[in-house]
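Reading through the structure tokens given below for one structure.
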Amino acid sequence: MNYALFDTFLVMIVIDLGSSLLKIVFTGCEGHPEAIALDPQLVSDVSAQQISSRMDEYGNDALRSAWVEVEGQTYAAGEFAIDLSGRQYHELGKWQDLLPRVLIILGLISHRLQRTEGFQAQIALCMPRDEVKPPDRESRISAIIAAAQHFQFRGQMLECEIDIKVVTEGAGLFATQAVNLERQGVNPSSATIPVLMGGERNTSLLVYRSGKINPSLSSSDGNGFYKFADQVRKSAGVPIGLSELIRAIAQGQHKLRIAGNERIDIADFVTDVLEGYTSAIRKYLKAKLPSEDIYLIAGGGAVSLIWNQLDPWFSALEIPATYIGTIMEQELKHLLSQHPSEFDLIRSPGLLIRFADALGIYKSMAARQPQKPIKKITAAR
């Protein structure tokens, strides 16, 4: 095959592999960050008939008809996968099925950027501290890099040259807090900065000293929000699935319709879940926080639901604690407002906070890697 070379910019991509939502921040057409949200649902062995039917209905909407073919295997993702198998919740490690997920994300970005042959990219994968270095990490990354060089997204052949770096979840919050402290006259390099990340699957506390994570003080072993939701659901006999209950709590819904179109009130269940989660987070912090002056930063979609309870608790203990939403709100609103049809901030205001870590990491990458022309390989006609 003959190739023609064209100059283009390097696409920086941050992928936050949330258990309930994949958050992607990447370099848009104008060189500014843009965002994509993708449900983590994935279905393999999708048939040609299923693909044809989906493309007939949603052919102009890549996000609702995302599928990828690699090495003879076909995967559907996001809404397409949900419509095929129903919404499910799985407590899986974040390396599980990572290869097709990354390829689908590359395809969605290629579609958004209108780069029909592919592009070059630097990717930051956000992982919990305890999953940053699995024994087979290098082989998994190598397999993703190799697969990205030649795959099909929605029937379009793509060739992407990528580099992957694994970063610890919470690094974006730390970077944001460091800038925030500098503005207050505090040297972040000499400060102890705990980063609290509360998500559905787990809770993490990363303690930074001299700008680096202190391994002996950091962990990702706290219970996730979903465990408290599941406990309440089972003990109270709530007649809805775990994913539906979690989504209702996140969206502030107190009434839901169930089978038979019956409308039920879940306000008491929501209260029980939030109280249980708040109590667990307080106990976790009491056991984990270092006994010294600290400047805590908190984020994560689950923490956003209980910050009104945590904030006065920190104040009573005289712990300087900052909620990421207070210092990144405008930036996050600008990020998500670029594609309002994809982000319903009225119905789901918590979406803002869920992108905070990814945007913080993206900004750190951009500061180190200014845009410059690079070579892009496209098939010559």
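The values are calculated or read from the model by the stated rules, or taken from the named source; none is laboratory data. Since this is a predicted model, take the numbers as computed values, not measurements. Using ideal geometry, Cβ is built from the backbone for each residue, glycine included, and neighbour counts are taken over all protein chains shown.
Could you say whether any residue in the range 138-151 is among the charged types (D, E, K, R), within 24 Å of LEU359 (Cβ to Cβ) and assigned to a helix (DSSP H, G or I)? Before the answer, list the steps.
Step one: list which residues in the range 138-151 are among the charged types (D, E, K, R), which gives 138, 140.
Adding the requirement that they be within 24 Å of LEU359 (Cβ to Cβ) leaves none.
Scanning the range 138-151 turns up no residue that is among the charged types (D, E, K, R), within 24 Å of LEU359 (Cβ to Cβ) and assigned to a helix (DSSP H, G or I).
What number of residues in the range 318-354 are at pLDDT 95 or above and part of a loop (DSSP other than H, G, I, E, B)?
Count: 3.
Does the range 259-276 contain any residue that is among the small types (Gly, Ala, Ser), crowded, with 16+ Cβ neighbours inside 10 Å and out of contact with any Leu (no Cβ under 6 Å at 6 or more places or on another chain)?
The answer is yes; a qualifying residue exists.
Restricting to the range 201-212, name every residue that is in contact with a Ser or Thr (Cβ under 9 Å, 6 or more places away or on another chain) and surrounded by fewer than 19 Cβ atoms within 10 Å (Cβ to Cβ).
The answer is ARG209, SER210, GLY211.
When the residues of the range 109-135 are narrowed to those that are among the acidic types (Asp, Glu) and closer than 21 Å to SER204 by Cα, which ends up modelled with the lowest pLDDT? Full working, then the answer.
Going through the range 109-135, the residues among the acidic types (Asp, Glu) turn out to be 117, 130-131.
When the remaining residues are screened for being closer than 21 Å to SER204 by Cα, the result is 130-131.
Working: ASP130: 87, GLU131: 90.
The residue in question is ASP130.
Residue check: is GLY199 small (Gly, Ala, Ser) and under 23 Å from PHE26 (Cα atoms)? Talk me through it step by step, then tell me what you get.
Details: small (Gly, Ala, Ser): yes; under 23 Å from PHE26 (Cα atoms): yes.
Yes: the conditions hold for GLY199.
Is it the case, given these coordinates, that LYS288 is among the charged types (D, E, K, R) and farther than 17 Å from LEU206 by Cβ?
No: the conditions fail for LYS288.
Exactly one condition in (1) over 18 Å from PHE151 (Cβ atoms); (2) outside any helix (DSSP H, G or I); (3) in contact with a Leu (Cβ under 9 Å, 6 or more places away or on another chain) is false for VAL68; which is it?
Condition not satisfied by VAL68: (1).
Could you say which residue among ALA298, ALA302 is part of a helix (DSSP H, G or I) and buried (at least 19 other Cβ atoms within 10 Å of the Cβ)?
ALA302
Take the conditions in contact with a Cys (Cβ under 8 Å, 6 or more places away or on another chain) and on the phi > 0 side of the Ramachandran plot and apply them to GLN114. Does it pass?
Details: in contact with a Cys (Cβ under 8 Å, 6 or more places away or on another chain): yes; on the phi > 0 side of the Ramachandran plot: yes.
Here the answer is yes, as GLN114 does meet what is asked.
Name the residue, out of THR176, THR168, that is at pLDDT below 95 and buried (at least 22 other Cβ atoms within 10 Å of the Cβ). I'd like the intermediate steps shown before the answer.
Working: THR176 fails: at pLDDT below 95.
Among THR176, THR168, only THR168 is at pLDDT below 95 and buried (at least 22 other Cβ atoms within 10 Å of the Cβ).
What about ASN261, is it within 27 Å of ARG347 (Cα to Cα) and within 20 Å of the chain's Cα centre (by Cα)?
No.
Scan the range 166-200 residue by residue and report those that are hydrophobic (A, V, I, L, M, F, W, C) and in a loop (DSSP other than H, G, I, E, B).
VAL186, ALA191
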